[in-house]
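Here the structure is laid out as structure tokens; the discussion comes afterwards.
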Amino acid sequence: MTTAILEARDLTKSYGNRVVVDHLDLSCRRGTVLGLLGPNGAGKTTTLRMLYGFVPPDEGTIYYGGRRFSENRAEAKRMIGVSTQDDSLDYDFTVAQNLLIYASYFRPRVENLEGRVAELLEHFDLTPYADASPHVLSGGYVRRLLIARSIVHRPSVLFLDEPTTGLDPSARLDVWELIDGMRADGLGIVLTTHYMDEAERLSDELLVIHEGRDVVHGEPHRVIDSVLGDHVIIVPRAEPAREAIAAWLRDRGAEQVATVLGELRVPVSKEDLAALTARFGEATWQVRPPNLDDLFIALARRNGRST
Amino acid sequence: MSAVRSLTAVANWRSWAVFRRNALVYLRNWRTAVIPPAMEPVIFFLAFGIGFGGFIEDLDYRGTMINYATYIAPGLIAYTGFGTPYYEALYSAYVRMFYQKTWDGILATQVELPSVVWGEILWGAVRGMVNISIVALVITVFDLLGVVDVRLEFLVFMPMLGFIAGCAFASFALIFTAVVPAIDHMNYPVFLIGWPVSLVSNTFFPVEPQSAALRALMQLNPVYQLAECARGLLVLGNPGSHLLGLLGSTALFLVPCTLLSVRLTRRRVLGD
């Protein structure tokens, strides 16, 4: 177990009377991806803004490399790379110049900058566009450039805020590969995303927050198991026994009976699945392993939101 | 303490990194950035100096008779020294902040917000210097043509005077940049402040208010001080008390406006 390159303890932030982040702990180790998840308004953005240093926490402490952020701000900001959700590329410059100008905002200066820029252009498949304006890039390549720019100064921690939002499936997979590669290179990555498959596949650890609080955290499969159990059954809208199955499951203590577009989705244990098969052998349903979509639906219901 | 940090950020490499970024963009587009500022004073001299000025008798400026074109030559310096940083910090900075998200990208680095504000102030002031240099060249040409009669050796000081006052004008403009909800609302600082101030500051005609309070208020106006400082140097070779007035009024504007700009920009950009 390597030590955390980023650690935050007891982070709290309020705006007026509203507590947006409520005594939140998190950590990220080198060579791992921490998936930070939560529904809209959960406090993800405020958490990130505190970690970037945009806003100070009301309470709590942030450490980068074991040193307090508030006391070693310049050194800590040299250690972090940020790829925001919004496109903040500098369209007054070419693709290569974007990397060069961004590097000028860091001290100590990036060693062998020309070589570093060439390396990044090559690695992110941007070399053919080096002298072009970012205007000519597709959405996927804009995202590549944003990520390349955020690591031009060789940070230790990289924040990726919804890095694949708006990308087509092929471009998403390309970005996944890049994230996987950066993790292999030893970067600690904090990833926020609304795509549950993305979080599940890329994250070594998950932190799910709701109303600014840690709802559940840990390795993805443990997080899912701890909330949902072994299986999810899906009963189609057209199944005549649908309501009877739902009632039967509720009687057996199932709390998370969700309806999605008329389908019934219920997490069940092995024992419940065996009993269900015996009781409703004539009915039609599907069984699959639970995923983060199910987790989100379950957590939303647990916290009183409709699905 | 944070006020001191905000003010001393001017000497920080981060502020100059932001300045450098803006300067590099300017240099890439230097043709379009140079020709319009060169045409503006030419048009002013032709329209007001020669055209309108033909109907105006010579004026008594601190005991020296000068023609109207000579009177407005320093006025053009002040007008340019005010307008360039003011509009740069209004429109260009707003575009960088709001539309291009350039500040968001910069703030995700080691550069802190006070440095972004200072980078914009310094850049606005240097753009003022550049445009004043262009105006000075035009004045030189019109002097050689006999249209105006100024002491050319003092023209070299004009860009530096413009830089000093330009810092105040840019910091003042950034307050509006931080608060206007949309770019259309820039009409308020442009038409309700920019135009009136640039006209009632002894730029194109002398303003001599009867009220002592208004006269005192004029002394606090850096545009007026810049115009009179430039006029004193270019006509008489002596700025009189206006050099001190320029430094004092600039400081009076620059310090509170910079602190307020940082505060308001922090709220707008960082949400804090």
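Any read-out appearing in this document is the output of simple, stated calculations on the displayed coordinates, not a laboratory observation. The structure presented is a predicted model; accordingly, all values stated were derived computationally and were not measured. Here the Cβ is made from the backbone with ideal geometry for all residues, glycine too, and neighbour counts use every protein chain on show.
Mind giving me the FRET efficiency for B:A216 and A:S14? R0 is 51 Å, r the Cβ-Cβ distance, nearest 0.05 is fine.
Here the calculated transfer efficiency is 0.65.
Sorting B:R21, B:R231, A:R288, A:R279 from the fewest to the most surrounding beta carbons within 10 angstrom yields A:R288, A:R279, B:R21, B:R231. Between the amide H of A:V232 and those of A:V268, A:R288, distances stay under 5 Å, these residues lying 5 or more places away or on another chain, with hydrogens modeled in the peptide plane. With a Cα cut-off of under 24 Å and a minimum spacing of 8 residues unless on different chains, the lysine pairs in the protein assembly as shown number 5.
Comparing B:G83, B:L46, B:A69 along the charge dipole axis of region B:1-92, the residue lying farthest to the positive side is B:G83, per the Cβ-charge model.
Each of A:D204 and B:T8 was given a label point 7 Å from its Cα along the Cα-to-Cβ line. The distance between the two points is 4.0 nm. The simple spin-label model puts a point 7 Å past each Cα toward its Cβ; for A:V257 and B:A47 those points are separated by 7.9 nm. Residues of region A:3-20 falling in the label zone of A:D58, defined by backbone nitrogen less than 17 Å from a point 7 Å along Cα to beta-carbon, are A:9-20. Taking the Cα centre of the protein assembly as shown as origin and assigning +1 to Lys and Arg Cβ atoms and -1 to Asp and Glu Cβ atoms, the resulting dipole is close to 980 debye. Database remark: amide H of B:V148 closer than 5 angstrom to the amide H of B:D143 (H placed geometrically; neighbours at sequence offset of 5 or more, or on other chains; Pro and chain starts carry no H). Computed from backbone phi with θ = phi - 60° and the Karplus coefficients 6.51, -1.76 and 1.60, the 3J(HN,Hα) list for region B:203-219 is 7, 10, 7, x, 10, 10, x, 6, 6, 5, 5, 5, 5, 5, 4, 4, 5 Hz; x is used for glycine and proline.
Computed from the Cβ-Cβ distance with R0 of 45 Å, the FRET efficiency linking B:I35 to A:E71 stands at 0.35. Principal-axis analysis of the Cα atoms of chain A puts helix A:242-251 at an angle of about 90° to the longest axis. Computed from Cα atoms, the angle from the helix B:158-179 axis to the main principal axis of chain B rounds to 50 degrees. Of the residues B:S15, B:A182, A:G139, the one whose Cα sits farthest towards the positive end of the charge dipole of the protein assembly as shown is B:S15 (charges of +1 on Lys and Arg Cβ, -1 on Asp and Glu Cβ, taken about the Cα centre).
The H on the amide N of A:L37, modeled in the peptide plane, is under 5 Å from the matching H of A:L207, A:V208, A:I209, each at least 5 residues off or on a different chain.
Using θ = phi - 60° in the Karplus curve 6.51 cos²θ - 1.76 cosθ + 1.60, the 3J(HN,Hα) couplings for region B:86-99 round to 5, 6, 4, 6, 7, 7, 5, 5, 5, 4, 5, 6, 8, 7 Hz; x is entered for Gly and Pro. Comparing A:S203, A:S133, A:S88 in a Gaussian network model of chain A, where Cα atoms under 10 Å apart are tied by springs, the biggest mean-square fluctuation is seen for A:S88. A full extension of the chain between A:I234 and A:W176 corresponds to an added length of 18.0 nm, given 0.36 nm per residue minus the alpha carbon distance. Charge dipole (Cα centre; +1 on Lys/Arg Cβ, -1 on Asp/Glu Cβ; no other charges) of region A:230-289 amounts to roughly 100 debye. Here the dipole of chain B is about 1100 debye; that uses its Cα centre as origin and unit charges on the Cβ of Lys and Arg (positive) and Asp and Glu (negative).
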